[in-house]
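Enquirer: Provided herewith is a single structure, encoded as structure tokens, for subsequent inquiry.
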Amino acid sequence: MILHCGNFNLDLNTPRVMGIVNVTPDSFSDGGKYTQTSQAVAHGLKLVEDGADILDIGGESTRPNATPVSLQEELDRILPVIEALVGQVNIPISVDTYKPAVMQAAINAGASIVND
């Protein structure tokens, strides 16, 4: 099966690796190491170098009891990262969000997959 995502076609008959970039101060998986755009972009580039087939950018923690963030705060966290990575990587970028306005803004910025 082929997944068509923007300018990319991924053959899903082959296992794919999704690299996760949490642009959150309260991530349970990375302790909030990538809250600055430059840190998040560098991490994304390292994930691609290490073999990621997709980059997933998230701006709101999904850990238990996490405090929800506003629409604007989530946009402020993820859009600069997506915009920077789109120009530097040749793999699909995914946005991890449940907010329709964030989904649309991320797609407009160059993301090609929505991970809800």
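The values are calculated or read from the model by the stated rules, or taken from the named source; none is laboratory data. Note that the structure is predicted; figures quoted are calculated from it, not measured. With ideal geometry, Cβ positions are generated from the backbone for all residues, glycine too; neighbour counts draw on all protein chains shown.
Enquirer: Tell me yes or no: at least one residue of the range 42-54 is within 22 Å of P100 (Cα to Cα), more than 12 Å from the chain's Cα centre (by Cα) and of a type in the set (A, V, I, L, M).
Expert: Looking for residues that are within 22 Å of P100 (Cα to Cα), more than 12 Å from the chain's Cα centre (by Cα) and of a type in the set (A, V, I, L, M), one finds none in the range 42-54, hence no.
Enquirer: Since N22 meets every condition but one in (1) over 17 Å from N115 (Cβ atoms); (2) buried (at least 17 other Cβ atoms within 10 Å of the Cβ), which condition does it not meet?
Expert: Failed condition: (1).
Enquirer: Anything in the range 59-72 that is under 18 Å from S94 (Cα atoms) and surrounded by fewer than 19 Cβ atoms within 10 Å (Cβ to Cβ)? List them, or say none.
Expert: Result: T62, L71.
Enquirer: Pull up the range 30-58, narrow it to residues that are in contact with a Pro (Cβ under 6 Å, 6 or more places away or on another chain) and either at pLDDT 95 or above or part of a helix (DSSP H, G or I) (or both), then point me to the one that is surrounded by the most Cβ atoms within 10 Å (Cβ to Cβ).
Expert: Let us first name the residues in the range 30-58 that are in contact with a Pro (Cβ under 6 Å, 6 or more places away or on another chain), namely 32, 35, 37, 54.
Those still in the list that are either at pLDDT 95 or above or part of a helix (DSSP H, G or I) (or both) too: 37, 54.
Values: T37: 17, I54: 23.
Going through the qualifying residues, I end up with I54.
Enquirer: State which residue is surrounded by the fewest Cβ atoms within 10 Å (Cβ to Cβ) when the search covers only the range 6-19 and only residues that are more than 16 Å from T97 (Cβ to Cβ) and touching a Ser or Thr at 6+ places or on another chain (Cβ under 8 Å).
Expert: N7
Enquirer: While we're on this one: Tell me, yes or no, whether the range 71-83 has at least one residue that is without any contact (Cβ under 8 Å) to a residue 12 or more places away in the chain and outside any helix (DSSP H, G or I).
Expert: no
Enquirer: Identify, from the list S94, S61, the residue that is out of contact with any helix residue (DSSP H, G or I) (no Cβ under 6 Å at 6 or more places or on another chain), assigned to a strand (DSSP E or B) and within 19 Å of V114 (Cβ to Cβ). Working first, answer last.
Expert: On the way: S61 fails: assigned to a strand (DSSP E or B).
None of the other options fit; the residue is S94.
Enquirer: Still on this model: When the residues of the range 27-57 are filtered to those that are in contact (Cβ under 8 Å) with a residue 40 or more places away in the chain and of a type in the set (D, E, K, R), which remaining residue is nearest to T14 (Cα to Cα)?
Expert: Checking each candidate, the answer is D53.
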